[in-house]
Amino acid sequence: MARYTGPVCRQCRREGVKLYLKGERCYTEKCSIDRRNYAPGQHGQRRRKLSEYGLQLREKQKARRIYGVLESQFRKYFREASRRKGIAGENLLQILESRLDNIVYRMGFALSRPEARQLVKHGHFAVNGRKVNIPSYQVRPGDVISVRESSKNKGRFKELAELTRNQGTMEWLEVDSENLTGKVIRLPSRDEIDTPIAEHLIVELYSR
């Protein structure tokens, strides 16, 4: 499956906000958007007034880049969100938040979603005791996510165990930093999702 392999900091600059794709670097003075807060490219410093469609498109692209999802998969998520009961935009965010790579990131077992995606693909995590190496795997309430026994002694996970002890977690997640396990208690409500996305613009875009 194709994926973006270019400089990730260009994506933040293109959207004009921090997408936190580089982990610790995003919190330091080295962050590209802090140093060059304008769009990349030759004409990046020109001011442009976006049309209604442009605003909707940028919001969709921002959501895709935050969660590391390609266009075809994002459309699939939107169709699923539209079929569910409730508000389509909020359903879409719940689906994105339920991805295994995002859950791993939210639990503090990775410093960024791209790192979480890589760790999942390398087979370091199990869901309900079974190895899962698919980042897009949809985690459900009641599922238990854990670092596999064969991976717990690796230096990276020892570091993460220390970091997880000192940070808060989402109210809809339960994390055991000592044993490097976590449980999804329920799906998050909209006010519990801190991702800076105006989902109603995405719904308007796909409703055209």
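Read the figures in this text as sums done on the coordinates, not as results from a lab. Computed from a predicted structure; not experimentally measured. Here the Cβ positions follow ideal geometry from the backbone for every residue, glycine too, while neighbour counts run over all protein chains shown.
The residues neighbouring V147, those whose beta-carbon lies less than 13 Å from its own, together hold a net charge of +2 under the Lys/Arg +1, Asp/Glu -1 convention.
The protection proxy used here, the mean number of other Cβ atoms lying within 10 Å of each residue, ranks peptides 195-203, 89-97 as follows, highest first: 89-97, 195-203. Measuring between alpha carbons in the structure, the pairs from K121/K154; K60/K121; K85/K121; K121/K158 lying more than 21 angstrom apart are K60/K121; K85/K121. Pop the C-beta distance of A198 and L50 into the FRET formula with R0 = 22 Å and round what comes out to the nearest 0.05. The calculated FRET efficiency here is 0.95.
Fully extending the segment from T181 to K121 would add 19.8 nm, taking 0.36 nm per residue of separation and subtracting the current Cα-Cα distance.
Other residues lying with their Cβ under 12 Å from the Cβ of E204 contribute a combined charge of -1, Lys and Arg counting +1, Asp and Glu -1.
Just rank Y105, Y137, fewest to most, by other beta-carbon atoms within 10 angstrom.
Ranked by crowding around the Cβ, least crowded first: Y137, Y105.
Summarising the amide proton neighbourhood of V144: residues at separation of 5 or more, or on other chains, whose placed amide H is nearer than 5 Å comprise N128. Note on W172 and K152: with the Förster distance fixed at 22 Å, the Cβ-Cβ geometry gives a FRET efficiency of about 0.35. In this structure, R140 and R84 have a Cβ-Cβ separation that, at R0 = 22 Å, corresponds to a calculated FRET efficiency of about 0.95.
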